[in-house]
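Here the structure is laid out as structure tokens; the discussion comes afterwards.
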Amino acid sequence: MFDEYVEHTSAPNALSSTGLSLPHVQYEGFEPSPYVEDEVVFDGFGDRGDSNITSLPLFTLEKVQYPLSAPLASVAVASDTLILGLTNNIINIIELSGGETIQIPIPRKVLEMTIYKLFLDPSGRHLIVSSKQGENWYLFKGWKKPRLLKSFKMVIESIAWNKAALLGSPRSTSTREMLIGARNGTLYEAILDAEDDFFKSQERFLQPVFTLPERHPVTGVNFDFFPPVEAKRVLIMVTTPSRIYQFVGNSERRSETGTKTFASVFASYRDTAPRILELPGNIEQSELHIFTPNAEQAYSLPKGIAWMTAPGIYHGTLNFTSTSDDLIDGAQLLPYPPLPPSSPPSTVESGPPASMALTEFHFVLLYKDRVIGISCLNEELVYEELLPLKPQESIRGITSDPIRKTFWVYTDQSLYELSVANEDRDVWKILLAKGKHESALQYTKTASQRNIVISAQALAYFDEGRYFQAAQSYAQCSVTFEEVTLKFLDAGQRDALRTYLIARLERTKRTDVSQRMMLATWLVEFYLSNCNELDDLVASESASQDVVNLHAQRSIVEEELKQFFSTYKSILEPRTIYELIEGHGRTDMYLHFATVIEDFERVIEHYIMEEQWSKAIETLNSQNDLELYYRFASVLVYQAPKEMVDSWLRQPALDPLRLVPALLRLQHAPRDPLSPNQAIRYLNYVIFEQKSTSPIIHNLIITFHASTNSDDDGPLLRFLTSAPSNHMTDKPYYDLDYALRLCKQASRVQPCVHIYAKMGLWESSVDLALSKGDLDLAKVNANMPPEEDRQLRKRLWLKIAKYVVQEKQDIKTAMQFLENTDLLKVEDILPFFPDFVVIDDFKEEICTALEGYSAHIDALKADMDETTRNAQAIKQDIDALQKRFITLDVKEKCVVCELALLTRQFYVFPCHHTFHADCLIGLTKEYLPASSLRKIIALQTELVKNSPQTPVDRNAIANPQAAPLRQQAVQRNLLSANFGIPTTMQNGARAANSFGRNILSAGDRLRDLIVPDALASVVTAPAGWIPGIGGVGRRAGEKDTSKRAEMLRRELEDLLAGSCPLCESVIAGVDKPFIREGEEDTSWTL
């Protein structure tokens, strides 16, 4: 701050105080230092050694290199704003935080006015300049020139500002109420406001409120409202060169424009005198100083007071809670120390200083050639530094910033900054010497300092008999472990020693495992011994009234031991602790320690040995180790089956297979017949809740069901009925053979019947049910086979019917039995009746059956008549179809070859597509399946195998007279090796490609065996005429051949012309590509 103006120099004969030398501490035994060396260092010194901290000076005086245009008259500072008043009536304003400097002249000549004092409010905004002539000026922050206070006609000696209002309202332009002490001994209450108002001046209020009786100059004045938040009272302190006054009363705090805030306080002292202290002496100037710890806070109250008088410094602390009229506590008078001469042969000087300042722990006194510092705590001189004064240079005073805690010494030619950075360096030693250990600890900065204070505090506690406090303090210092333990053992303070051990254990590093383990083990021994001692006292004092207190004390110690186990279980060695506890016979602590370290196995074993089955199961439930469930399952489920099964049900992670040996112990265990079987209960949970598919579990529950002494087959039958099955095989998970064998051994008939049914042995199940006379069960099983297997179902029902007729010999029951099923009729069971049975018993049933047969015959006859009528209708439809015709135009063309349709044989379809016969065959074979193609080839071969190898002329068929002329023009072979395709076929292929390109590919070689031209001549030949056979004058032997050929031709025609190939190919080729493999599409070529 203000570094560019500060010259960092110090006087060669400056006096600095050094700290006490610290002894070298050696650690032994369990004694590592509980602190990292020099890790606790305050006030920004960082991690340094003791020597570095103690060598730093308490104060540092540094000269400010700032040129002055005239000698200094007065200096004021507040909130980092430094004001210099020069004798040439120029005010220099220096902003210490920003380095800005402003010069403002007072419009008065030197001969007309001389600056006397500067008064700056705590916020640094309001400045009042007092002159020796009684003329006063007012300057607000930001103004370019000061303004004259016309009504302020007095020489101002002191001003008390309203700190709370000024710091609490940083934007306010008013000074609020303030007290002004004048040279004439009068106190004035005033308010100034820097706000520009045409109708008002800055002097809002000025009124005298009190005049001192001796009318001495008011050298100091200060007021504080208290309590801070809701201020109802006010303390006003006024000083003169020889007196200090205290005025205490109720204030009338009002708004910024309010008046007479202090009038009521001073009015109460018109008839009574205030609190006055007089210290007579010859002094020209006395000063009143107040120290506030948190002065930057608006509502903070001052703590210390110092009044510079002729006999010495009167100082003390302010107690705002006091009910008396004297609020200064611990008031003392500090005489001024004798000072050595500044230069020989002068004598020793002593007397009041020229000025002073008050810090938190020191009085800073300014003499004519030096600055000294006196400790407020022990009143010793701790700092002295000579001022490097020039010839004819005289000191002026010392001023301080109450907010920033900076101090400034000024002469008429120079300005010095007194840095207070390390004034609390030796506070801890002073407080330690006074025995104020707690206060001394607050000001220690290093571990060594703290160790010294705590060691002294521990020794003081021990000497005073405060052993528990001594134990806590010893645990925090570096006194050796052996020394402390021997101290407490010699004094017989085992409880205090236990406290010390606990505290040391808490502060021992976690890396020192062995030391922590030994300390913890020793503490366990202490606790156990204490518990036994209290037990003995309780037993001996059983008739005394103190037994209640002993019980309470024992409970406290036991609770502390349990808490100790929980806290330090990680460093305790279980085997050693078990031996200690067993040696002291503390079963309760034995079990508690085992529970804390989660040694549940030992706890359960103990309860089992004591036959405390419920507690063993409770302990088992409180832990999550599944292995313990398996280990103790056999013994616990035998002794407490219900509780143990309840425990298993609460632990779904258990493996049921590992519990099978324990469950088997319940098979022959004695059981209350009214209580459920706990093994079956658990197995049901595993099967139906956990969806277990293990055959072992399913077989085991059947074993328990079958081995029960009860004759009730219901539980077993219910399980067999509801047991889950494998969804892949639709078979139950249990072994059917094993279950059948168990049920047979236990004579469980119904379960056996059910198992036979599960195995698909329906006849065996029915036979077994009938052998036991259970007709209803036999009926149920007879209905179990699938509906499709009617023969088996009928066979089963016949068994039941035979049993009813032959075994029961009840004809009426047998007749009623037929109503239970629709598979049997009366005639089915008649063979089972005796030969000489009377028909009267079932005459009605026979008549009913005959009537049923008659009705059935009538129904069949009606169906046959209906079928005959349908056949006749179909025949008529066929005849009508044969007479159907389509009218064609003479110019009609074949859709394949686009030639005139009437030039040769053709086909017309209902869709009006027209084809030549050969074009139709060539197009049809492309989409027919391989089976149809083979059929066509077979028919083709059959038709032409007896025909001569001569070409067939289609024109000859239409015009027989022209046939001999054309037979020699073309030669064809029906079944040639190459099967050449004629031009018409090629045209037909192109036509087929042009109609969608989605007809089936002719990749199969079967299509190559079909020759459309040759086949067309055969298919379309007139009835009774085939080339080579002749149509006239046939022999009688050829009649059968002609019929055969006609039949083959019609069959072939049905295959080739059964449907329109163009319409059919659209559906048949929907999944085929438009462009076949090997073809090129040029339709998109530009």
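The values are calculated or read from the model by the stated rules, or taken from the named source; none is laboratory data. These numbers come from a predicted model, not from an experiment. Positions of Cβ are backbone-derived with ideal geometry, glycine not excepted, and every protein chain shown enters the neighbour counts. Calculation scope for accessible area: heavy atoms of the full protein, side chains included, ligands and nucleic acids excluded. Shrake-Rupley method; radii C 1.70, N 1.55, O 1.52, S 1.80 Å.
Would you mind telling me which numbered condition in (1) part of a loop (DSSP other than H, G, I, E, B); (2) open to solvent by less than 30 Å² (accessible area, probe 1.4 Å); (3) among the polar types (S, T, N, Q) Ser97 fails?
Result: Ser97 passes all but (2).
Does any residue of segment 422-433 turn out to be closer than 22 Å to Cys376 by Cβ, open to solvent by 40 Å² or more (accessible area, probe 1.4 Å), not β-branched (Val, Ile, Thr) and not in a helix (DSSP H, G or I)? Steps first, please.
Keep residues of segment 422-433 that are closer than 22 Å to Cys376 by Cβ, which gives 422-433.
Retained after the next criterion (residues that are open to solvent by 40 Å² or more (accessible area, probe 1.4 Å)): 433.
Now restrict to residues that are not β-branched (Val, Ile, Thr): 433.
Okay, now just the ones that are also not in a helix (DSSP H, G or I), so none.
Scanning segment 422-433, I find no residue that is closer than 22 Å to Cys376 by Cβ, open to solvent by 40 Å² or more (accessible area, probe 1.4 Å), not β-branched (Val, Ile, Thr) and not in a helix (DSSP H, G or I), so the answer is no.
Suppose we keep only residues that are part of a strand (DSSP E or B) and open to solvent by 50 Å² or more (accessible area, probe 1.4 Å) within segment 274-289. Which one would you say is farthest from Gly351 (Cα to Cα)?
Going residue by residue through segment 274-289, those that are part of a strand (DSSP E or B) are 275-278, 287-289.
This time we only want the ones that are open to solvent by 50 Å² or more (accessible area, probe 1.4 Å), so: 275-278.
On the way: Arg275: 27, Ile276: 24, Leu277: 21, Glu278: 18 Å.
Taking the candidates together, the pick is Arg275.
Checking Phe210 against (1) in contact with a helix residue (DSSP H, G or I) (Cβ under 8 Å, 6 or more places away or on another chain); (2) within 24 Å of Asn92 (Cα to Cα): exactly one of these is not met. Which one?
Here Phe210 meets the rest and fails (2).
Take residues that are more than 28 Å from Ser694 (Cα to Cα) and tell me which of the helices (runs of 4 or more DSSP H) falling wholly in segment 708-792 contain 3 or more.
Details: elements: 714-722, 736-745, 749-758, 762-771, 775-782.
Counting at least 3 such residues, we get 762-771, 775-782.
With respect to His668, determine if the residue is more than 29 Å from Val780 (Cβ to Cβ), surrounded by fewer than 17 Cβ atoms within 10 Å (Cβ to Cβ) and not β-branched (Val, Ile, Thr). I'd like the intermediate steps shown before the answer.
Values: more than 29 Å from Val780 (Cβ to Cβ): yes; surrounded by fewer than 17 Cβ atoms within 10 Å (Cβ to Cβ): yes; not β-branched (Val, Ile, Thr): yes.
Yes, satisfied.
Counting only residues that are open to solvent by 50 Å² or more (accessible area, probe 1.4 Å) and more than 30 Å from Phe526 (Cβ to Cβ), how many does segment 575-620 have?
5
Might you check whether a residue that is at pLDDT 50 or above, on the phi < 0 side of the Ramachandran plot and part of a loop (DSSP other than H, G, I, E, B) occurs anywhere in segment 968-977?
At the first step, the residues of segment 968-977 found to be at pLDDT 50 or above are none.
Taking every residue of segment 968-977 in turn, none turns out to be at pLDDT 50 or above, on the phi < 0 side of the Ramachandran plot and part of a loop (DSSP other than H, G, I, E, B).
Among the candidates Glu582, Glu605, Glu643, single out the residue that is closer than 29 Å to Ile701 by Cα, in a helix (DSSP H, G or I) and charged (D, E, K, R). Quick ask: steps written out before the conclusion?
On the way: Glu582 fails: closer than 29 Å to Ile701 by Cα; Glu605 fails: closer than 29 Å to Ile701 by Cα.
Going through Glu582, Glu605, Glu643 in turn, the sole match is Glu643.
Name, by its number, the condition in (1) farther than 30 Å from Pro71 by Cβ; (2) touching a Pro at 6+ places or on another chain (Cβ under 8 Å); (3) in a loop (DSSP other than H, G, I, E, B) that does not hold for Ile403.
(1)
Are any residues in segment 650-665 farther than 20 Å from Ile702 by Cα and surrounded by fewer than 16 Cβ atoms within 10 Å (Cβ to Cβ), and if so, which ones? Reasoning before the result, please.
Residues of segment 650-665 farther than 20 Å from Ile702 by Cα: 650-654.
Arg650, Gln651, Pro652, Ala653 - these are the residues of segment 650-665 that are farther than 20 Å from Ile702 by Cα and surrounded by fewer than 16 Cβ atoms within 10 Å (Cβ to Cβ).
When segment 283-314 is examined, which residues are found to be closer than 21 Å to Gly181 by Cβ and either charged (D, E, K, R) or more than 60 Å from the chain's Cα centre (by Cα) (or both)?
Listed by number, the residues that qualify are Ile283, Glu284, Gln285, Ser286, Glu287, Leu288, Trp307, Met308, Thr309, Ala310, Ile313, Tyr314.
Go through Ser300, Ser242 for me and flag whichever is touching a residue at least 40 places away in the same chain (Cβ under 8 Å), surrounded by 15 or more Cβ atoms within 10 Å (Cβ to Cβ), in contact with an Asp or Glu (Cβ under 9 Å, 6 or more places away or on another chain) and under 27 Å from Ser375 (Cβ atoms).
Working: Ser300 fails: in contact with an Asp or Glu (Cβ under 9 Å, 6 or more places away or on another chain).
Criteria check complete, one pass: Ser242.
Quick grid of which residues meet (1) assigned to a loop (DSSP other than H, G, I, E, B); (2) within 22 Å of Ser264 (Cβ to Cβ); (3) touching a His at 6+ places or on another chain (Cβ under 8 Å); (4) among the basic types (Lys, Arg):
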{"residue": "Glu157", "(1), (2), (3), (4)": "no, no, no, no"}
{"residue": "Asn184", "(1), (2), (3), (4)": "yes, no, no, no"}
{"residue": "Val209", "(1), (2), (3), (4)": "no, yes, no, no"}
{"residue": "His216", "(1), (2), (3), (4)": "yes, no, no, no"}
{"residue": "Phe223", "(1), (2), (3), (4)": "no, yes, no, no"}
{"residue": "Val234", "(1), (2), (3), (4)": "no, yes, no, no"}
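Of all residues in segment 517-543, count the ones that are farther than 21 Å from Gln493 by Cβ and β-branched (Val, Ile, Thr).
So the answer is 1.
Condition check ((1) touching a residue at least 60 places away in the same chain (Cβ under 8 Å); (2) open to solvent by less than 40 Å² (accessible area, probe 1.4 Å); (3) not aliphatic (A, V, I, L, M)) across all residues:
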residue	(1), (2), (3)
Lys132	no, no, yes
Asn136	no, yes, yes
Leu149	no, yes, no
Glu157	yes, yes, yes
Ala160	yes, yes, no
Arg171	no, no, yes
Glu214	no, no, yes
Lys232	no, no, yes
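Do you know which residues across segment 896-932 are of a type in the set (A, V, I, L, M, F, W, C) and outside any helix (DSSP H, G or I)?
Just the residues of segment 896-932 that are of a type in the set (A, V, I, L, M, F, W, C), to begin with: 896-897, 899-902, 906, 908-909, 911, 915, 917, 919-921, 923, 928, 930.
Those that are of a type in the set (A, V, I, L, M, F, W, C) and outside any helix (DSSP H, G or I): Val896, Cys897, Leu899, Ala900, Phe906, Val908, Phe909, Cys911, Phe915, Leu928.
Can you give me the number of residues within segment 169-182 that are part of a strand (DSSP E or B) and more than 19 Å from Gln133 (Cβ to Cβ)? Spell out the reasoning first.
Filtering segment 169-182 down to residues part of a strand (DSSP E or B) leaves 174, 178-182.
Among the residues that remain, those that are also more than 19 Å from Gln133 (Cβ to Cβ) are: 174, 178-179.
Here the count works out to 3.
For Ala917, are the conditions met, namely being closer than 24 Å to Ala1045 by Cα, out of contact with any Gly (no Cβ under 6 Å at 6 or more places or on another chain) and at pLDDT 85 or above?
Values: closer than 24 Å to Ala1045 by Cα: yes; out of contact with any Gly (no Cβ under 6 Å at 6 or more places or on another chain): yes; at pLDDT 85 or above: yes.
Criteria met by Ala917.
Determine whether segment 310-321 contains at least one residue that is at pLDDT below 90 and either open to solvent by less than 60 Å² (accessible area, probe 1.4 Å) or among the aromatic types (Phe, Trp, Tyr) (or both).
No, the conditions are met nowhere in segment 310-321.
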